[in-house]
Amino acid sequence: SSGINAEWPLRPGETLGRQGDTIHWGVDEMICNWWRPNYEPPQYPYIPPHVTKPKEHRRLFLVRLPERAMFAVPRNYKLVAAPLFELYDNSNGYGPVISALPQNLSRFSYVYA
């Protein structure tokens, strides 16, 4: 989580919100890495052997949010709550990065209280 602190505008534990609302959040762990070797759409969860300097490196982090929070989504985007079993092996519907989330999240143990 220390790598994201240099790039993120707010530090973990700081508040986001408007009109006096406070939201406490924190970056827990990096989930996975994805690399784009050139300026074309395909991304890979590894650096291909023939690539010396990838053009893009995307990191996905596990972010801890409070029990209740409000998401602000632009009008031209759609926020979808999809269960992990729907994402699994469904790269045609969600793309390779999102459809790989079930495998990447499987290394964590979740405690539901």
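Answer with yes or no whether residue 106 is of a type in the set (Gly, Ala, Ser), at pLDDT 90 or above and surrounded by 14 or more Cβ atoms within 10 Å (Cβ to Cβ). Criteria not met by residue 106. Of the residues that make up segment 14-31, is at least one under 15 Å from the mean Cα position of the chain (by Cα), surrounded by 10 or more Cβ atoms within 10 Å (Cβ to Cβ), at pLDDT 90 or above and not acidic (Asp, Glu)? Within segment 14-31 (the criterion being under 15 Å from the mean Cα position of the chain (by Cα), surrounded by 10 or more Cβ atoms within 10 Å (Cβ to Cβ), at pLDDT 90 or above and not acidic (Asp, Glu)), the answer is yes, since at least one residue qualifies. Residues in segment 37-48 that are among the hydroxyl-bearing types (Ser, Thr, Tyr) and open to solvent by less than 100 Å² (accessible area, probe 1.4 Å): 44 alone. A Cβ distance below 7 Å, combined with a sequence gap of six or more or placement on separate chains, defines the contacts here; from segment 94-113, residues that are in contact (Cβ under 8 Å) with a residue 40 or more places away in the chain and assigned to a helix (DSSP H, G or I) reach residues that are open to solvent by less than 40 Å² (accessible area, probe 1.4 Å) and not polar (S, T, N, Q) in the pairs 97/34; 101/87; 104/31; 104/32; 105/31.
Condition test on residue 58, is it open to solvent by less than 60 Å² (accessible area, probe 1.4 Å), touching a Lys or Arg at 6+ places or on another chain (Cβ under 9 Å), of a type in the set (Lys, Arg) and modelled with pLDDT of 80 or more? Considered against the rule, which asks whether it is open to solvent by less than 60 Å² (accessible area, probe 1.4 Å), touching a Lys or Arg at 6+ places or on another chain (Cβ under 9 Å), of a type in the set (Lys, Arg) and modelled with pLDDT of 80 or more, residue 58 comes out as no. One residue alone among 63, 80, 51, 73 is open to solvent by 70 Å² or more (accessible area, probe 1.4 Å), among the hydrophobic types (A, V, I, L, M, F, W, C) and without any contact (Cβ under 8 Å) to a residue 40 or more places away in the chain, and that residue is 80.
The values are calculated or read from the model by the stated rules, or taken from the named source; none is laboratory data. In this text the structure is predicted, and so the values were computed from the model without any measurement. Glycine gets a Cβ as well: all are built from the backbone with ideal geometry, and neighbour counts include every protein chain shown. Protein only, heavy atoms only, side chains kept; ligands, DNA and RNA dropped before computing areas. Shrake-Rupley method; radii C 1.70, N 1.55, O 1.52, S 1.80 Å.
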